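Novice: Next up is a structure, given as structure tokens.
Readers should treat all values here as calculations from the given coordinates under stated rules, not as data from a laboratory. Everything numeric in this text was worked out from a predicted model, so none of it was measured. So basically every Cβ, Gly included, is an ideal-geometry build from the backbone, and we count neighbours across all protein chains shown.
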Amino acid sequence: MLSLKAYKEERNRSVLKRIEHLLIFIFLLAIEVLIALFVHDNFIRPYVGDMLVVIVIYFFVRIFILEKYKYLPAIIFAFAAGIEVCQFFHIVERLGLSDNTFMRILIGSTFDIKDIACYGIGSILIQMAEWVKGKR
């Protein structure tokens, strides 16, 4: 049983960790938006942007799940790959959302196997960062 002081310290650490994850999420999301709006090249936008999106999702999830969960990068990869597969089956059109710009951007409309590879690289980077962090 934790003492009141230990409980408060643990709660404060939790709050600080959530704030840290929130700030990283906001920072990375801002970079992602800037890439989408202002970068029109053949490398950063299509590859780095797709790699970064799984990292953004990871930090969003970590705001709510503070405990280490070793399969979280794999779950996020599966989610992102699942969205990409939905693009292959033209899910936006099938759901009647073709006229909804937000949903077309959020879900995407063009399948590309290279996107799945980028999601995989982003997930591996997350896993490596967690491994290095755990070694300290």
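Novice: Could you tell me whether any residue of segment 30-38 is charged (D, E, K, R), under 22 Å from the mean Cα position of the chain (by Cα) and under 27 Å from Ala117 (Cα atoms)?
Specialist: Within segment 30-38, one or more residues are charged (D, E, K, R), under 22 Å from the mean Cα position of the chain (by Cα) and under 27 Å from Ala117 (Cα atoms).
Novice: Here is a further query. Can you find even one residue in segment 102-113 that is farther than 15 Å from Pro46 by Cα, outside any helix (DSSP H, G or I) and out of contact with any Leu (no Cβ under 6 Å at 6 or more places or on another chain)?
Specialist: no
Novice: Right, something else. Any idea how many residues of segment 49-72 are within 19 Å of Arg18 (Cβ to Cβ) and in a helix (DSSP H, G or I)?
Specialist: Result for segment 49-72: 11.
Novice: Suppose we filter segment 39-76 for residues that are aromatic (Phe, Trp, Tyr), surrounded by 11 or more Cβ atoms within 10 Å (Cβ to Cβ) and more than 9 Å from the chain's Cα centre (by Cα); how many remain?
Specialist: Number satisfying all stated conditions: 2.
Novice: Pick out the one residue from Ile105, Ile126, Ile91 that is surrounded by fewer than 17 Cβ atoms within 10 Å (Cβ to Cβ) and within 19 Å of the chain's Cα centre (by Cα).
Specialist: From the options Ile105, Ile126, Ile91, the qualifying one is Ile105.
Novice: Right, next: Looking at segment 20-69, which of its residues are in contact (Cβ under 8 Å) with a residue 24 or more places away in the chain and among the charged types (D, E, K, R)?
Specialist: Passing the criteria: Glu32, Asp50, Arg62, Lys68.
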